[in-house]
Amino acid sequence: MRRFKMINKWMLQLAGGLLAAALAAGLAMLPAYAAAPGIASPDTGTPPGPLDTALTNLYQREQNWLSVQSNTLTDANTIAVNTQNWINTLKGQGKDTASLEAALAAFNGQIATAQTAHDQASGVLSAHAGFDGSGQVTDRAQAGSTLRQAYQSLQLAHLTLVSAAVNLRLAVRTWINSHS
């Protein structure tokens, strides 16, 4: 049963990675596709085409991701505070917490790195180059660049948060196993 769960988890991670790679590759092709002959520009007065709709949807998706990730960063900071309180309690009991303190310091550093990348994505999406105030495409090349930059920053923040959580969890588990 455990092996099945590990294989299933691995498959989900692989599928997620492939989806992210496909999205990144698609975003990299947007400027070339938008400049292709026969594709109407959004500023010609014609109704938005499928590319404009896709860009608008991606913009909204990244806005949603930004919102969810803000909550995740808040949760990570709460975890840091709770972990520090736990360490303080353990120290008060005379236990050696050096490894936990080091792990928490690394966790806090990774959270700061993730916050920086998240803030960069927020800035890019707030500037919304290539999009109007309601998220509709005004310039395809700029919109593609905006989406690419925001995606890269969001992804960096995400991967950093995942790594931070895994590393802290491993350090706590190791400490608990060595002190039980």
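The values are calculated or read from the model by the stated rules, or taken from the named source; none is laboratory data. In this text the structure is predicted, and so the values were computed from the model without any measurement. Please note: Cβ atoms are built from the backbone with ideal geometry, for glycine as well, and neighbour counts cover all protein chains shown. Protein only, heavy atoms only, side chains kept; ligands, DNA and RNA dropped before computing areas. Shrake-Rupley method; radii C 1.70, N 1.55, O 1.52, S 1.80 Å.
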Margin query: Just to check your reading of the model, which residue among Ala141, Ala164 is over 15 Å from Gln60 (Cα atoms), open to solvent by 20 Å² or more (accessible area, probe 1.4 Å) and of a type outside the set (Val, Ile, Thr)?
Written below: Ala141
Note to self: Pairs needed: first member in region 74-93, modelled with pLDDT of 95 or more; second member anywhere, among the hydroxyl-bearing types (Ser, Thr, Tyr) and open to solvent by less than 70 Å² (accessible area, probe 1.4 Å); C-beta distance under 8 Å; at least 6 residues apart or different chains.
What the structure shows: Ile87/Thr97; Leu90/Thr97; Lys91/Thr97
Note to self: Exactly one of these conditions fails for Ala117: (1) in contact with a helix residue (DSSP H, G or I) (Cβ under 6 Å, 6 or more places away or on another chain); (2) in a helix (DSSP H, G or I); (3) open to solvent by 20 Å² or more (accessible area, probe 1.4 Å). Give me its number.
What the structure shows: (3)
Checklist line | region 105-123 residues that are farther than 9 Å from Leu154 by Cα, paired with ones that are open to solvent by 40 Å² or more (accessible area, probe 1.4 Å) and not small (Gly, Ala, Ser) (beta carbon under 8 Å, 6 or more apart) | finding: Ala106/Asn167; Phe107/Ile79; Phe107/Asn167; Gln110/Asn167; Ile111/Asn77
Notebook entry, point to check: Going by the structure shown, is Ser153 within 20 Å of Gln60 (Cα to Cα), hydroxyl-bearing (Ser, Thr, Tyr) and at pLDDT below 95?
Noted result: no
Note to self: Go through region 76-111 and report how many residues are exposed (fewer than 12 other Cβ atoms within 10 Å of the Cβ) and in a helix (DSSP H, G or I).
What the structure shows: 10
Next item on the list: Scan region 54-62 and give yes if some residue there is modelled with pLDDT of 95 or more and closer than 19 Å to Val172 by Cβ, otherwise no.
Entry: no
